[in-house]
Amino acid sequence: DAKTTQPTSMDCAEGRAANLPCNHSTISGNEYVYWYRQIHSQGPQYIIHGLKNNETNEMASLIITEDRKSSTLILPHATLRDTAVYYCIVNDYKLSFGAGTTVTVRA
Amino acid sequence: DAMVIQNPRYQVTQFGKPVTLSCSQTLNHNVMYWYQQKSSQAPKLLFHYYDKDFNNEADTPDNFQSRRPNTSFCFLDIRSPGLGDAAMYLCATSREGGKNQPQHFGDGTRLSIL
């Protein structure tokens, strides 16, 4: 069962930052927060993950609140190719995908 | 350069006719996973191999089985496919098991049942 809550959908403008929220209020101390995305007809793509510190890589930044009950994925400059379903997952020993957020980037 | 390769991308089989889906990886990862993703739903884990150790999810139907003959290859066997088994089947790998191990997915095989 998914342990996260995400908005069903969101729009963002091309070239602007996209901030994707996720609530995981029941996360336990040794569980990581993972973000994946799935572009239509492709397999899920790993984006980033973290335990309690903020993380950044070439794709995105992950901001985790101090109490670890929520996080935000930031796509710094959204492009049309970032249109996808974004999944926030709290990792036990496996990935339990929820419904995710359908992100549509508009020109 | 694809690192988790699933062939074919599309597979059609007949109701009740056994079918095998294949997955190979060039990452030399210890763990390989199979997920089922039905239309408009999220992926759902069926089972995984940690090296040669097979781990089945509790609610995976008996109709689904898997083989891992070596590190690089893993197969999903559906013994008697029903119409409800039509789905995208996704293979993934991770270097090790555990919570700090990203999974890397292939692009899936879309299975249709006639």
For region B:9-52, enumerate the residues that are within 14 Å of chain A (Cβ to nearest Cβ), more than 25 Å from residue A:96 (Cβ to Cβ) and touching an Asp or Glu at 6+ places or on another chain (Cβ under 9 Å). B:9
Of the residues in region B:83-114, those that are more than 10 Å from chain A (Cβ to nearest Cβ) and out of contact with any strand residue (DSSP E or B) (no Cβ under 7 Å at 6 or more places or on another chain) number 2
Within region A:80-92, is even one residue at pLDDT below 95 and part of a loop (DSSP other than H, G, I, E, B)? yes
For region B:27-56, how many residues meet the condition of being without any contact (Cβ under 8 Å) to a residue 24 or more places away in the chain, surrounded by fewer than 17 Cβ atoms within 10 Å (Cβ to Cβ) and either of a type in the set (Val, Ile, Thr) or not in a strand (DSSP E or B) (or both)? 4
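Quick grid of which residues meet (1) in contact (Cβ under 8 Å) with a residue 24 or more places away in the chain; (2) under 11 Å from residue A:97 (Cα atoms); (3) touching a helix residue (DSSP H, G or I) at 6+ places or on another chain (Cβ under 7 Å); (4) assigned to a strand (DSSP E or B):
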site: A:3; (1), (2), (3), (4): yes, yes, no, no
site: A:15; (1), (2), (3), (4): yes, no, no, no
site: A:21; (1), (2), (3), (4): yes, no, no, yes
site: A:28; (1), (2), (3), (4): no, no, no, no
site: A:34; (1), (2), (3), (4): yes, yes, no, yes
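So, in region A:8-44, of the ones that are within 9 Å of chain B (Cβ to nearest Cβ) and crowded, with 16+ Cβ neighbours inside 10 Å, which residue ends up farthest from residue A:105 (Cα to Cα)?
Taking region A:8-44 first, the residues within 9 Å of chain B (Cβ to nearest Cβ) are A:30-32, A:34, A:36, A:38, A:41-44.
Checking the rest, the ones that are also crowded, with 16+ Cβ neighbours inside 10 Å come to A:31-32, A:34, A:36, A:38, A:43-44.
Details: A:31: 30, A:32: 27, A:34: 22, A:36: 17, A:38: 14, A:43: 19, A:44: 18 Å.
Per the criteria, the residue is A:31.
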Within region B:70-78, is even one residue surrounded by fewer than 17 Cβ atoms within 10 Å (Cβ to Cβ) and either at positive phi or touching a Phe, Trp or Tyr at 6+ places or on another chain (Cβ under 8 Å) (or both)? yes
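The values are calculated or read from the model by the stated rules, or taken from the named source; none is laboratory data. Just so it is clear, the structure is predicted and the values come from calculations on it, not from any experiment. Ideal geometry is used to build each Cβ from the backbone, glycine not excepted, and the neighbour counts take in all protein chains shown.
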